[in-house]
Amino acid sequence: MFETLKAQPADKILSLMAAYRADPRVEKVDLGVGVYKDADGKTPVMRAVKAAEKQLWDIEDTKSYTGLAGDVGFHDVMRRLILADAVAAEQIAAAATPGGTGAIRQGLELIKMAAPQATIWLSAPTWPNHPSIIKYLGMPMAEYRYFDSATRGVDFGGMLTDLDQAKPGDVVLLHGCCHNPTGANLTASQWQEVADFLKSKQLIPFVDIAYQGFGDGLDADAYGPRHLAKTQPEMLIAASCSKNFGVYRERTGLLMAISQDPAKTPLNQGTVAFLNRQNYSFPPDHGARLVTMVLNDETLRTDWQKELEDIRGSMLSLRQQLSDALRKRTNSDKFDFLAQHRGMFSRLGATEAQVEQMRESHGIYMVSDSRLNLAGLNAQSVPILADAIVAAGV
Ligand code: LMR
């Protein structure tokens, strides 16, 4: 049987991680996978998460199963974190999932059950695992223009023109904030326009929010999903706690299916629980429990928000440092977009050959589409990267 298996295409981001690890050069710089690193290149356990872990060690007296959809306490804190008071709890069916990827996968499976003909519309470009999972599930997909490589901003006109081709009932996958891989994001008024457009075209938003708190702050970053939740008859949200709680390997995510009509919630809830049962039974609980403890405890929450704000501030400062260094070297405003983008990533606009050249000459690792993780930089590596960008003729 196994001899019939075919080798699968390598994931660009994960193969880059392996190539970086194998590079013996000490001065190498990892701007690949989306993991936050501090100035020493470490990905620390956040203080509040560590404190919650200590408390949990004392108070946890069972490892027995939670609910099939996870712990309702986790659903509740995440609903408040992401949606504030945009919708009532009764309008939301929720299931804890193994990470944000798990939430995306479960959301897609729900769409496949409910509307197998629906096309999933993806931004061009998007996180490569989006089309990969959709293809694996055999679902129809299409792309809408998103990134304008000339301005390095959002091609909003192109986006709406392309989405005008969608048929009622199609699903539009949107990045809630901190677009991955481009770093270019919708403004509040563009979110409002998108909401009106989706509603008038009867399109269903599916929001992937994996970087809340990394862009303009916890509330500002949730503007889009909150506005959609208030205005759309139905929507899905896949949320990840990997980045903003730094619990990457704990696999902590949540799928929410939101309906204006609360009468639909019991069926939605039964469906997401059923999907969990089919795929992995009970979702992992450890990370979800830590997140719940942090968000429910005023002291832990305050400390978590402070650390998250520091992380956000350091990424903004690295953006500014890189943009300034490039302004100096090129005597132009060509790279000012780096300071305007938000989140961990920006797409630099380099060709694959230039990306390769920067890897060979300066040991700089970024994804071949020239996505760079700004959080992988520090004060020492900013000038190295700026030199490499100029030397490669980007
Ligand atoms: C990324 O885009 O680098 C992260 O979301 C990690 C991953 O799984 O790809």
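The values are calculated or read from the model by the stated rules, or taken from the named source; none is laboratory data. No experiment lies behind these values; they were computed from the predicted model shown. Backbone-built Cβ (ideal geometry, glycine too); neighbour counts: all protein chains shown.
Among residues of the range 223-264 being in a helix (DSSP H, G or I) and within 16 Å of the ligand (Cβ to nearest atom), the one that is surrounded by the most Cβ atoms within 10 Å (Cβ to Cβ) is Glu250. Scanning the range 360-375 for residues that are surrounded by fewer than 22 Cβ atoms within 10 Å (Cβ to Cβ), in a helix (DSSP H, G or I) and in contact (Cβ under 8 Å) with a residue 40 or more places away in the chain yields one hit, His362. Being out of contact with any His (no Cβ under 9 Å at 6 or more places or on another chain), of a type in the set (A, V, I, L, M, F, W, C), in the same structural domain as Val207 (by TED's automatic domain parsing) and on the phi > 0 side of the Ramachandran plot: is that true of Ala115 here? So Ala115 does not fit the description; no.
Pairs linking a residue in the range 199-212 that is under 15 Å from Pro225 (Cα atoms) and among the β-branched types (Val, Ile, Thr) to a residue that is within 15 Å of the ligand (Cβ to nearest atom) and modelled with pLDDT of 95 or more, with Cβ atoms under 6 Å and 6 or more positions apart or on different chains, are Val207/Gly176; Ile209/Gly176; Ile209/Ala239.
Of all residues in the range 10-32 being surrounded by 10 or more Cβ atoms within 10 Å (Cβ to Cβ) and over 17 Å from Asn373 (Cβ atoms), which is farthest from the ligand (Cβ to nearest atom)? Top of the filtered list is Glu27. Scanning the range 323-341 for residues that are touching a residue at least 12 places away in the same chain (Cβ under 8 Å), among the charged types (D, E, K, R), in a loop (DSSP other than H, G, I, E, B) and within 15 Å of the ligand (Cβ to nearest atom) turns up nothing. Just to be sure, is Ala89 of a type outside the set (D, E, K, R) and modelled with pLDDT under 95? It is false that Ala89 is of a type outside the set (D, E, K, R) and modelled with pLDDT under 95. For the range 33-53, the candidate set comprises residues that are within 13 Å of the ligand (Cβ to nearest atom) and β-branched (Val, Ile, Thr); within that set, the residue that is surrounded by the fewest Cβ atoms within 10 Å (Cβ to Cβ) is Thr43.
For the subset of the range 54-81 comprising residues that are of a type outside the set (D, E, K, R) and surrounded by 23 or more Cβ atoms within 10 Å (Cβ to Cβ), which member is farthest from Gln278 (Cα to Cα)? Can you show your working first?
At the first step, the residues of the range 54-81 found to be of a type outside the set (D, E, K, R) are 55-57, 59, 62, 64-70, 72-75, 77-78, 81.
Those left that are additionally surrounded by 23 or more Cβ atoms within 10 Å (Cβ to Cβ): 69-70, 74-75, 78.
Details: Ala69: 12, Gly70: 14, Phe74: 21, His75: 20, Met78: 24 Å.
By that ranking, first place goes to Met78.
Filtered by the rule that a residue be touching a residue at least 40 places away in the same chain (Cβ under 8 Å) and not in a loop (DSSP other than H, G, I, E, B), the range 131-153 gives Ser132, Phe147, Gly153.
Checking each residue of the range 110-130 against the condition of being in a helix (DSSP H, G or I) and within 16 Å of the ligand (Cβ to nearest atom) gives at least one match.
Go through the residues of the range 65-80 one by one and say whether even a single one is of a type in the set (D, E, K, R) and more than 30 Å from Pro262 (Cα to Cα). No - not one qualifying residue is present in the range 65-80.
Just one of the listed residues (Ala51, Ala84) is under 24 Å from the mean Cα position of the chain (by Cα) and either at pLDDT 95 or above or in the same structural domain as Gly270 (by TED's automatic domain parsing) (or both), and it is Ala84.
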